[in-house]
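Where a number appears in this text, it was derived from the coordinates with a stated rule and is not lab data. Given the structure is predicted, the values throughout are model-derived calculations rather than measurements. Cβ placement follows ideal geometry from the backbone for every residue including glycine, while neighbour counts extend to all protein chains displayed.
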């Protein structure tokens, strides 16, 4: 997790400081770091110490709008999902704000992505416009979403007329097979990390979602999908960006698509991973203590009275309540 050590020291110095040993957890990933804290601070830790948890997030860059790209597997086996794809695009269009977004559509074949030349869907377009765009994406049935995105963003000259370098970027992969790129990002494990590193550098804020076959027992398909058809590389990439994964066998993609859309909205509150000892809560924005917030015990969330600015790194530290937090202890192990 970025900047975990500075936060650990700051959190310890501000609220967790009397002598003792504490276990400090960070949510990305649940890494455990043992440290000895010997400092003087104005607030005492209840009891003999406890588990300290740190929730953190980056406030999205979305003030300049959001560019959205759907990369859709157009292989023959995907024909059964055509209606669901367009319904999903329509659900996203309805969930988006009334202005500031553009939604492009292409296939997971890089040959299509490199040459498709149609202006994206914009506010005011209809579901028929979505159907027209879907039908004009191309016919290459390759399942190479990573390579296709690279071609769409960097090689397609037409797209340079509408893509905006200062806007947020949301990408949605749709496929009933695993990702199989071989051109720009190999199918080896290193290729996955290369894609994650590359995609993360494309915009100030990037978001990812995948509509794919998921592994049993999470899959709701009538028959559990074969291992070769599970979209694991898409899932791993999506998880790396804290994105949304939707089971392609879901009867209604709308809830998942709408959840993916909310990624681009500035966070006005943050639901905590565990129940805190309320008096130990402390918030930092870009490593500076932030005071303009309140705790809502009903929803176990921190609400920001003034929304942290876009691009800021927000960290929320607290001691886990040893009684109320017990139900969630498995997440810290």
Order by protection proxy (mean Cβ within 10 Å, highest first), peptides 144-150, 155-161
144-150, 155-161
Could you work out the percent of alpha carbon pairs in the range 220-281 separated by over 15 Å, rounded to a whole number?
67
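Using Stokes-Einstein with the Kirkwood hydrodynamic radius over Cα pairs, what translational diffusion coefficient do you get for the range 66-262 at 10 °C and a viscosity of 1.306 mPa s, in µm²/s rounded to a whole number?
D = 97 µm²/s.
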Compute the semi-axes of the equivalent ellipsoid of the range 108-149, taking the square root of 5 times each eigenvalue of the Cα gyration tensor, and list them largest first in whole Å.
22, 10, 9
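Using only the C-alpha atoms of the range 194-333, find the volume of their convex hull and express it per residue in Å³. Spell out each step's value before the answer.
On the way: hull volume 22.3 nm³, N = 140.
That works out to 159 Å³ per residue.
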